[in-house]
Amino acid sequence: MTISENAYSRVAVVGAGTIGASWAALFLAHGLHVTVSDPRPDLEEYVTAQLTALTPTLAALGLPTGALAARLVFEPDVEKAVADAEVVQESGPDDLNLKQELFARLETATRPGTLLLSSTSGIRATDFTARMADPGRVAVGHPFNPPHLVPLVEIVPGEQTEAGTLEDAAAFYRQVGKQPLILRREIPGFVANRLQSALFREAVHLVTTGVVSLKDLDTIVTSSIGLRWAAGGPFLTFNLGGGPGGFEHFLKHLGPGMEMLWQLLGKPSFDEATIATLSAQEREAYGDRTYDQLGAARDRDQLALMAALRNAD
């Protein structure tokens, strides 16, 4: 039996880095009671500062932001933090041994019906639940950074994840305004990060071989592919690229040329020379603004794009 929409009220966020703090802010803005657990000594100070920094974006999304911290509790002891939770959103480091140990602890510390979800960006649920007796209520709930802003959550089952767990996870994420998508099967890296990695690999190759500057490559993406894919995605884009003949026409006439390019794509590595080249160009392109300034500008642009797409519909 699955849980109905808007049924969740108590969430534990385990791991309070960039992703965990963003999740906590989103959950609080949707009226949930949130307990945050992390061994870091500055836990309360850090999360409180993040709430302050993220509040303008939450407000721009139309969410209530008054007294967010009124429903926020800090508990360094992870067993105590999750004892009464209906959902646990784990957002710790992507370290397999650490996650295996943690999820074994979460299994014994939570109530039987508690959803156990992981923000991991690439580790399979089958792997990080290996030390659990019954991993049926565990699934990956992978957000696209930052979780409080970007809608997508990839829900990825492990080999023993129950179907009801996936449905309940989707209901939970819809409750907090996300766009959940359940993958049909498990794969390392999931979908969004595999696509991102494929594009980034070629971006690194083009910059480090002197074809284009780092800043100009960003401009190329945001002025072409990024706009196209925001409006339709790669398959719809190429369907339209085939004209009245559609996708089949595109594949038959332009597919061979694309297939030839596949053979020419670069295979860079992050050796010292590559890191030095990219870092120097990054500083030249964006070093005149702080991390906070760059993040705020990104959020403003992302909000404007999301609003434009909503209005277009």
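Say R0 is 41 Å: what FRET efficiency, to the nearest 0.05, do T237 and E284 get from their beta-carbon distance?
After rounding to 0.05, the efficiency reads 0.80.
Take the Cα pairs of the stretch 173-253, get the Kirkwood Rh, then feed it into Stokes-Einstein at 20 °C and 1.002 mPa s and tell me D in µm²/s.
Working: Rh = 15.4 Å.
The Stokes-Einstein estimate is 139 µm²/s.
Going by alpha carbons, how many degrees (0 to 90, nearest 10) lie between the helix axis of 246-262 and the longest principal axis of the chain?
Approximately 80 degrees, to the nearest ten.
If you average 1/r over every pair of different alpha-carbon atoms in the stretch 1-141 and take one over that average, what Kirkwood value in Å do you get?
Computed over Cα pairs of the stretch 1-141, the Kirkwood hydrodynamic radius comes out at 15.3 Å.
What percent of all Cα-Cα pairs in the stretch 185-313 falls into each 10 Å bin, going from 0 up to the bin containing the maximum distance?
10, 28, 38, 20, 4
Taking the square root of 5 times each eigenvalue of the Cα gyration tensor, what semi-axes in Å does the equivalent ellipsoid of the stretch 87-191 have, largest first?
Numbers: eigenvalues 74, 44, 34 Å².
Result for the stretch 87-191: semi-axes of 19, 15, 13 Å.
Each label point is 7 Å from the Cα along the Cα-to-Cβ direction; what then is the distance between the points at S197 and R105, in nm?
Inter-label distance under the simple model: 2.8 nm.
Can you tell me the 0 to 90 degree angle between the C-alpha axis of helix 192-208 and the longest principal axis of the chain, rounded to 10?
40 degrees
Counting only trypsin sites (Lys or Arg not before Pro) that are in a DSSP loop and have at most 16 other C-beta atoms within 10 Å, tell me the longest site-free stretch of the chain.
Values: sites that count: R131, R184, R185, R289.
Result, exposed sites excluded: 1-130.
What is the distance, in nm, between label points placed 7 Å from the Cα along the Cα-to-Cβ direction at I220 and at H253?
2.5 nm
Looking only at the chain, where both bridge partners belong to it, what percent of the DSSP beta bridges are antiparallel (to the nearest 5)? Kindly include the intermediate steps, with their values, before the conclusion.
On the way: 5 of 28 bridges.
Percentage antiparallel, nearest 5: 20.
The chain: D in µm²/s via Stokes-Einstein (Kirkwood Rh, Cα pairs, 4 °C, 1.567 mPa s)?
Details: Rh = 21.4 Å.
Value of D from the Cα-based Kirkwood radius: 60 µm²/s.
Could you give the size of the charge dipole of the chain about its Cα centre, using +1 on the Cβ of each K and R and -1 on the Cβ of each D and E, expressed in debye and rounded to the nearest 20?
On the way: 25 positive and 37 negative charges, 144 e Å.
Value, rounded to 20: 700 debye.
Every number in this text was worked out from the coordinates using simple rules, so none of it is lab data. All of these numbers come straight from a predicted model, not from anything done at the bench. When we count neighbours, we look across all protein chains shown, and the Cβ atoms used for this are built from the backbone with ideal geometry, even at glycine.
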